[in-house]
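Right, one structure below, let's go through it.
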Amino acid sequence: MAEPNPRLAVYPGTFDPLTRGHMSLIYRGLRLFDNVVFAIASSTPKKTCFTFEERVQMARETFAGEPRIIVEGFEGLLIDYVERRGAGAILRGLRAVSDFEYEFQMALMNRRLSREVQTVFLMTDYNWMYLSSTIVKEVALNGGNVKGLVSEPVLAKLTEKHKQLKAQA
């Protein structure tokens, strides 16, 4: 394997949907790294509202015009993807102590699999500490207003999904 680029980070997740909290974290990550790959996992144990393709498309629309953010989907082990990408770091956000336990386990496993890749944790901005994709989905799909919590492309997709669910009921 070639030496990883310490100025390139991968920010992985399901992003179902992408929220302002995720956006805040990636923009803050750009203060530390030259480029950040916004890496959307194709498979997840979570039940997703949006397809893999929809999640990738919403992210591409959200970050259009930002050349330092590279939106890509990936499958398989994160650490394999990070190594293929040549990144030197995995960027992760922490909201609460409960996040830390899971993230710490994942970071240690990734470290065991690849000693060259570092995991960098950023605390979530206080504006978004309460925010999660799960809460946003729940509110939006039940007709609640999530404007300001997600980007315009994501808001449009959530509104469309709510209308589809309402029509099926």
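The values are calculated or read from the model by the stated rules, or taken from the named source; none is laboratory data. Fair warning: this is a prediction, and the values are worked out from it, not measured in the lab. Cβ placement follows ideal geometry from the backbone for every residue including glycine, while neighbour counts extend to all protein chains displayed.
Of all residues in region 1-46, those satisfying the criterion of being farther than 13 Å from VAL120 by Cβ and of a type in the set (A, V, I, L, M, F, W, C) are MET1, ALA2, PHE15, LEU18, MET23, VAL37, PHE38, ALA39, ILE40, ALA41.
Return yes or no: is ARG68 within 21 Å of VAL120 (Cα to Cα), surrounded by fewer than 15 Cβ atoms within 10 Å (Cβ to Cβ) and out of contact with any strand residue (DSSP E or B) (no Cβ under 8 Å at 6 or more places or on another chain)? Criteria not met by ARG68.
Any residue that is at pLDDT 95 or above, farther than 27 Å from LEU141 by Cβ and either of a type in the set (A, V, I, L, M) or loosely packed, with under 15 Cβ neighbours inside 10 Å (or both) - is there at least one of those in region 35-55? Yes, the conditions are met somewhere in region 35-55.
Would you point out the residue of region 137-169, among those that are closer than 16 Å to MET23 by Cα and hydrophobic (A, V, I, L, M, F, W, C), that is surrounded by the most Cβ atoms within 10 Å (Cβ to Cβ)?
Filtering region 137-169 down to residues closer than 16 Å to MET23 by Cα leaves 146-155.
With hydrophobic (A, V, I, L, M, F, W, C) added as a condition, the list becomes 146, 149-150, 154-155.
On the way: VAL146: 22, LEU149: 19, VAL150: 25, VAL154: 28, LEU155: 19.
Applying the filter and picking the extreme gives VAL154.
Against the numbered list (1) within 17 Å of PHE38 (Cβ to Cβ); (2) loosely packed, with under 14 Cβ neighbours inside 10 Å; (3) at pLDDT below 95, TRP128 comes up short only at (2).
Please determine whether any residue of region 144-166 is outside any helix (DSSP H, G or I), among the small types (Gly, Ala, Ser), without any contact (Cβ under 8 Å) to a residue 24 or more places away in the chain and at positive phi.
Of all residues in region 144-166, those outside any helix (DSSP H, G or I) come to 144-151.
Subset that is among the small types (Gly, Ala, Ser): 144, 148, 151.
So of that shortlist, the ones also without any contact (Cβ under 8 Å) to a residue 24 or more places away in the chain come out as 144.
Keeping just the survivors that are at positive phi gives none.
No: region 144-166 contains no residue that is outside any helix (DSSP H, G or I), among the small types (Gly, Ala, Ser), without any contact (Cβ under 8 Å) to a residue 24 or more places away in the chain and at positive phi.
From the list MET123, MET58, exactly one residue is surrounded by 14 or more Cβ atoms within 10 Å (Cβ to Cβ) and either of a type in the set (D, E, K, R) or more than 14 Å from PRO12 (Cα to Cα) (or both). Which is it? Lay out the reasoning, then the answer.
Numbers: MET123 fails: surrounded by 14 or more Cβ atoms within 10 Å (Cβ to Cβ).
The conditions single out MET58.
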